[in-house]
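What follows is calculated from the coordinates using simple rules that are stated; it is not laboratory data. Keep in mind that this is a model prediction, so the values were computed, not measured. Quick reminder, even Gly has a Cβ in these numbers, built from the backbone with ideal geometry, and neighbours come from all protein chains shown.
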Amino acid sequence: MAEPRIITIDGPAGVGKSTLAKRLAGRLGIAYLDTGAMFRGTALALGEGAWDWPEERLQAALAALRFSLAGTGADSRVCLGDACLGNEIRTEQVAMWASNIATLPAVRAFQKQAQQAIGRTTSLVAEGRDMGSVVFPRARPKFFLDASPEVRARRRLLQLREMGKPADLEEITASIRARDHQDRTRAAAPLVAAPDALVIDTGPLDIDGVFAVMVAAVG
Ligand code: DC
């Protein structure tokens, strides 16, 4: 069997990684691995306050979690045990819990081995914060998408309005800034571009513009 192909997409919250990862995976006919969903699923399974648990309790709870990946392209789903993760993980609260547990070395070590195990059997567009820098250092190409918190908050506001959900620009900007700060300053695998990543400033580009740059790099 040919070795699985791994392409990575990293960047801060709300930069368009998921949309682009799904599109790229769909075009290549391979799976999309949403590692944010793995952190969110872990946070929800462990529950509030898990970031303060003693190491032993945390390790035991992590050891009971079994992640897998189903489907390809936009239909790829992260599954935990027998159930695939859905909208229950898409809340601001679960996002903040995920960011909290993502600071813990035990959680990062567990996620890394679960993600690498998936990548050994399936070609992937792997999306997250440390895919190119830590989890898949041999991936080619590696993308790092960036944009200012203000640009990302405005995009998120439009998305929420389109879904008919109430949204406040100041609140969204504050929440993006808080998560950015925590994700970029944590000691364990902080959000940074890998030295060999192609950094794309998505500020001046729309989704089609960013996708065109990525497709050209994938070849
Ligand atoms: O991409 P997202 O918003 O679904 O990610 C939720 C949180 O999970 C994010 O704030 C940081 C963490 N995360 C991480 O630390 N490393 C990853 N590879 C993916 C997500």
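Using the beta-carbon distance between GLN93 and ASP201 and R0 = 30 Å, what value does 1/(1 + (r/R0)^6) give for FRET efficiency, to the nearest 0.05? Please list the in-between numbers first.
On the way: r = 30 Å, r/R0 = 1.00.
That pair, GLN93 with ASP201, gives E of 0.50.
Taking amide hydrogens as modeled 1.01 Å from N in the peptide plane, which residues meet the under 5 Å criterion relative to LEU124, leaving out close sequence neighbours?
The answer is ARG5, ILE6, ILE7.
What length, rounded to one decimal in nm, is gained on full extension from ARG138 through to ASP82, with 0.36 nm per residue of separation minus their alpha-carbon distance? Spell out each step's value before the answer.
Numbers: separation 56, 0.36 × 56 = 20.16 nm, distance 3.07 nm.
Roughly 17.1 nm would be gained on extension.
So what is the relative contact order for the range 1-98, in percent, with contacts set as C-alpha pairs under 8 Å and at least six apart? Don't jump to the answer; show the numbers that get you there.
Details: 94 pairs, mean separation 31.0, N = 98.
With pairs under 8 Å counted, the relative contact order is 32 percent.
Near the amide H of VAL199, under 5 Å away, which other amide H atoms are found, from residues 5 or more places off or on another chain, if H is placed in the peptide plane?
Here PHE144 satisfy the definition.
For the range 73-175, calculate the relative contact order in percent as a whole number, restricting contacts to Cα pairs under 8 Å that are 6 or more residues apart.
Working: 32 pairs, mean separation 12.3, N = 103.
Computed over the range 73-175, the figure is 12 percent.
Within the chain, count lysine pairs with alpha carbon atoms under 21 angstrom apart where the residues are 8 or more positions apart or belong to different chains. Don't skip to the end; give the middle numbers.
Numbers: LYS17/LYS112; LYS17/LYS142; LYS22/LYS112; LYS22/LYS142; LYS112/LYS142.
Step by step, the pairs that qualify in the chain add up to 5.
Rounded, prolate or oblate for the range 92-219? Axes are the square roots of the Cα gyration tensor eigenvalues, ordered a ≥ b ≥ c, and the cut-off for rounded is a/c under 1.5. Present the calculation step by step, with values, prior to reporting the outcome.
On the way: a/c = 1.89, a/b = 1.21, b/c = 1.56.
It is oblate, given that a/c is not under 1.5 and a/b is not larger than b/c.
For the range 26-31, take each phi angle, set θ = phi - 60°, evaluate the Karplus expression 6.51 cos²θ - 1.76 cosθ + 1.60, and give the result in whole Hz per residue in order, putting x for glycine and proline.
x, 5, 8, x, 10, 7
Given Cα pairs under 8 Å that are at least 6 residues apart, what percent is the relative contact order of the chain?
On the way: 342 pairs, mean separation 71.6, N = 219.
The value is 33 percent.
Quick check: from the Cα gyration tensor, does the range 144-219 come out rounded (a/c under 1.5), prolate or oblate? It would help to have the intermediate numbers written out before the result.
Values: a/c = 2.88, a/b = 1.21, b/c = 2.38.
The shape class here is oblate.
When only alpha-carbon atoms count, how far does the chain stretch along each of its three principal axes, as whole angstroms with the largest first?
Reported extents, whole Å, longest axis first: 50, 47, 33.
Once phi is turned into ³J(HN,Hα) by the Karplus curve 6.51 cos²θ - 1.76 cosθ + 1.60 with θ = phi - 60°, what whole-Hz value does each residue of the range 84-97 show in order, with x for glycine and proline?
With the stated coefficients, the range 84-97 comes to 8, 6, x, 5, 4, 8, 9, 10, 4, 5, 5, 4, 6, 4 Hz.
Where a ≥ b ≥ c are the square roots of the eigenvalues of the C-alpha gyration tensor, would you call the range 33-96 rounded, which needs a/c under 1.5, or, failing that, prolate if a/b is larger than b/c, or oblate?
Numbers: a/c = 2.79, a/b = 1.58, b/c = 1.77.
Oblate, because a/c is 1.5 or more while a/b does not exceed b/c.
Taking the Cα centre of each part, how many Å lie between the range 5-48 and the range 184-204?
15 Å
At 222 nm, what value in deg cm²/dmol follows for the chain if DSSP H runs of at least 4 each add -39500 (n - 2.57) and the sum is divided by all its residues, to the nearest 500? Write down the numbers at each step before the final one.
Details: 8 runs with 103 residues, N = 219.
-15000 deg cm²/dmol, from helical runs alone.
I'd like the Karplus ³J(HN,Hα) series for the range 203-215: coefficients 6.51, -1.76, 1.60, θ = phi - 60°, whole numbers in Hz, and an x wherever there's a Gly or Pro.
So the J values, rounded to whole Hz, are x, x, 10, 8, 4, 4, x, 5, 4, 4, 4, 5, 4.
Could you work out the Kirkwood radius for the range 1-119, taking every pair of different alpha carbons, averaging 1/r and inverting it, reported in Å?
Every distinct Cα pair counted, the radius reaches 15.0 Å.
Taking every DSSP beta bridge that has both residues in the chain, what percent is antiparallel when rounded to the nearest 5?
On the way: 6 of 22 bridges.
Taking every DSSP beta bridge within the chain, about 25 percent pair in antiparallel fashion.
Apply 1/(1 + (r/R0)^6) to the Cβ-Cβ distance of ALA216 and ALA70, taking R0 = 22 Å, and write down the FRET efficiency to the nearest 0.05.
The pair ALA216/ALA70 has a calculated efficiency of 0.15.
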